[in-house]
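The values are calculated or read from the model by the stated rules, or taken from the named source; none is laboratory data. Model, not experiment: these values are computed from the prediction. Ideal geometry is used to build each Cβ from the backbone, glycine not excepted, and the neighbour counts take in all protein chains shown.
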Amino acid sequence: MRIEWQPRALKDLSRLDKAARARISAALDRLAATGHGDVTKLTDVDPPEYRLRVGNWRVRFARDPAADTLSVLRILPRDKAY
């Protein structure tokens, strides 16, 4: 699965420290490669979005199985992600 970064997600990522960026990138790579991760489908969101938990950070993303892509939408702290 290919990872596609939205501009807002790249901006969120650039604001994080180096260690947090590395953990988030590793978690996304693992999710794209194996499908493993702490993922939950968000309710009452259309089109469907998911969140990946990485410590105190939440990565909001959308899946496109037809194009085999995972589109990263936002990277937010837990208290602002929902």
- [ ] Please go through the range 34-82 and pick out each residue that is among the hydroxyl-bearing types (Ser, Thr, Tyr) and either part of a strand (DSSP E or B) or within 13 Å of GLN6 (Cβ to Cβ) (or both).
- [x] THR40, TYR50, THR69, SER71
TODO: Could you please let me know if PRO65 is at pLDDT 95 or above, surrounded by fewer than 16 Cβ atoms within 10 Å (Cβ to Cβ) and more than 12 Å from the chain's Cα centre (by Cα)?
DONE: no
TODO: Go through ALA33, ALA19, ALA27, ALA9 for me and flag whichever is under 19 Å from PRO77 (Cβ atoms), of a type in the set (A, V, I, L, M) and surrounded by fewer than 15 Cβ atoms within 10 Å (Cβ to Cβ).
DONE: ALA19
